[in-house]
Structures are given as C-alpha cells and as structure tokens.
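The values are calculated or read from the model by the stated rules, or taken from the named source; none is laboratory data. Remember, it's a predicted structure, so these values are computed and weren't measured experimentally. All Cβ positions, even for glycine, are placed from backbone atoms using ideal geometry, and neighbour counts span all protein chains on display.
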Ligand SMILES: NC(=O)c1ccc[n+]([C@@H]2O[C@H](COP(=O)([O-])OP(=O)(O)OC[C@H]3O[C@@H](n4cnc5c(N)ncnc54)[C@H](OP(=O)(O)O)[C@@H]3O)[C@@H](O)[C@H]2O)c1
C-alpha cells in the first residue's frame, strides 16, 4: 500500500493515477474527502486526516509500505501556516512512518533547498530533508523546479489567454526552470518503485530556462494574440509584503520571494545529468503551451 499525502494536489493526483494504472494499492490522504472523489472512483482508498493532526498521520501510515509526501502550505496562514504544515506536520509524518514500519519515504522538496536560502520555505524543505535522512528510513528526496501548471500557466499564461492581459510581480526578467507535473510524477513513481532511487537526493527540472516575460511572449506567439503584460513594480511588491505580513503571512512570503533581486537565489536548472542517470522524454515548455492553447 502506498500512502500519498497531498493526493488531491497537482503532483499527488498525477502520481496516484499512474500508480493505480500500474496496479498499485493507493491510499489517498486529504483533509476533504470530495477532493479525491476521482481517485476513489479509480480504486484508491481515501483517508481523511490532516498534517497538523499527528494521530491521523499514525492511522494513515498503518499497513503502508511506502509514502509519498506531496503536500505543502506555502501560502497558508493561521493554523495552516507553513511552519505548522511544512515543518512540524512533515516531522510528524516522518515520525509516524517510522513508528508504523514504513519501508520507503519519498519527499517532495524543492530545487535549491538549503540551510541558508533567503526564503524560509526553502530552508524548511531543507530541514525536512535532513530530518528524513536522520530518521533511518529508506528515502528518496526529489527537488523539482517550478511546475509549469502553476508558474507558467496559472500565474501567467492563463490570464493572458482568458483576459488578454497578464500581470507580473516585478520585472519578470529572472531566468527560471519550469517542469511539467507529469514529468515530476514520472520521477515520483520511479522513486516509489525502483530500488535504484533509494537514498538519493535528485534535482528535477525541464528543458531550458525562461524568464516570466519570455513565458508570456511564448503564450502570445503560440495563441496568436497581442502581448499585454503589466508589472507590479518591485517597490510596490515590497510594500505589499509588509502590509500583508501580519494577517496573510503566506501571501506575504510570495511577495517577498518576488521582491528579491534576480540573483538572490538561483532558479535555473540543466537536466543533462538527471537524464543521463534516469532517462525520460521531458515535456518542453513550447509543447506544454501548445497543449493549453490548442486544448482550450
Ligand atoms: N508547485 C510547484 O511549482 C512546486 C515546485 C517545487 C516543489 N513543489 C512541491 O511539490 C509538492 C506538490 O506540490 P503541488 O503544487 O502539487 O501541490 P498543490 O497542488 O498546491 O496541492 C497541495 C496539497 O497539499 C495538501 N495539503 C495542504 N495542507 C494540508 C494539510 N494540513 N494536511 C494534509 N494535506 C494538506 C492539499 O490537500 P487537501 O487540500 O486535499 O487536504 C493538496 O493536496 C509540494 O511538496 C510542493 O512544495 C511544488
């Protein structure tokens, strides 16, 4: 049995669908049953619980041999703050997996996770990586770059396609790597099923690096629509960060990330060594955008 925490999310759902199609038994963990109705229909067992509720994590790990940790709360606040979910919640999940005799734990970290990263979310991810490694559990840590579905489409291309205009935080000039969720899911499934992935930390990303501005240009070209980009100037992003901090710390975090200079932390990636070690056909950003434009 494979437990997927974050089964209703972009990555968790994609990985669950592949695993179910391969005949694996999947337990989909969610706070809200209805979020994984589709997975239930295709054979997943659904378990309601919460990363901030340790007893529910113990229950979820019972009878499980592998765990995929694919949840996060980067924009959460209040009891669902990133500290509560991404940090304490994941420590509790690792403890529960260990206590229940789970044999392999796959953790979704993030490209560039490190102890001295300027953004706390990346530091938290690094702290959980270290906690997992010290737990004695067999593990795979995956560090993907920005998901195309979120960072190229939802936050940039989709508004351009739907309302004729996209708004970027800051200048949009920082080169970034984008990866399709199906490609990340490919590696997550491999990490759960291929012993060669045991006790590895693997950075994952797509082909090429693009600025947010270049992504918008690509959408406009492929959709054959005028390019209309507006910018929230960096001083305004910095001000929003401060205003939002007391009551929307998660959104404030996103403002902070986008107010930093382009060279504050690296978001570029070259998949050459990943592909040499674990070959696959990665989705290009161009092909991804074509699917969004042609498929509606
Ligand atoms: N998106 C990116 O660009 C990106 C890039 C690098 C790494 N990652 C990492 O990849 C993983 C998957 O990201 P994603 O974008 O696929 O996620 P997503 O679509 O934003 O979904 C978030 C998931 O987290 C679950 N979740 C949130 N709070 C929870 C809680 N308190 N208890 C239990 N579950 C909770 C949600 O489940 P319910 O609401 O159903 O409970 C949902 O399934 C995360 O670890 C993320 O940090 C993402």
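Within the stretch 55-66, being in contact with a helix residue (DSSP H, G or I) (Cβ under 8 Å, 6 or more places away or on another chain) and surrounded by fewer than 18 Cβ atoms within 10 Å (Cβ to Cβ) holds for one residue alone: 58.
Examine the stretch 103-119 for a residue that is over 19 Å from the mean Cα position of the chain (by Cα), surrounded by 18 or more Cβ atoms within 10 Å (Cβ to Cβ), within 20 Å of residue 199 (Cα to Cα) and touching a residue at least 60 places away in the same chain (Cβ under 8 Å), and state whether such a residue exists. So far as the stretch 103-119 goes, yes, one or more of its residues are over 19 Å from the mean Cα position of the chain (by Cα), surrounded by 18 or more Cβ atoms within 10 Å (Cβ to Cβ), within 20 Å of residue 199 (Cα to Cα) and touching a residue at least 60 places away in the same chain (Cβ under 8 Å). Residues in the stretch 153-181 that are part of a helix (DSSP H, G or I) and farther than 27 Å from residue 237 by Cα: 181 only. Scanning the stretch 175-195 for residues that are touching a residue at least 40 places away in the same chain (Cβ under 8 Å) and farther than 18 Å from residue 113 by Cβ gives 175, 180, 181, 182, 183, 185, 186, 189, 190, 192, 193.
Yes/no matrix, rows are residues, columns are (1) in contact with a helix residue (DSSP H, G or I) (Cβ under 9 Å, 6 or more places away or on another chain); (2) closer than 21 Å to residue 153 by Cβ:
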site: 238; (1), (2): yes, no
site: 244; (1), (2): yes, no
site: 257; (1), (2): yes, yes
site: 275; (1), (2): no, no
site: 292; (1), (2): yes, yes
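Among the residues of the stretch 151-168, are any near the ligand (Cβ under 10 Å from one of its atoms), touching a residue at least 24 places away in the same chain (Cβ under 8 Å) and buried (at least 22 other Cβ atoms within 10 Å of the Cβ)? Within the stretch 151-168, one or more residues are near the ligand (Cβ under 10 Å from one of its atoms), touching a residue at least 24 places away in the same chain (Cβ under 8 Å) and buried (at least 22 other Cβ atoms within 10 Å of the Cβ). Taking the stretch 1-84 and the strands (runs of 3 or more DSSP E) fully enclosed by it, the elements with 2 or more residues that are within 21 Å of residue 181 (Cβ to Cβ), modelled with pLDDT of 95 or more and within 11 Å of the ligand (Cβ to nearest atom) are at 2-5, 26-30, 66-69.
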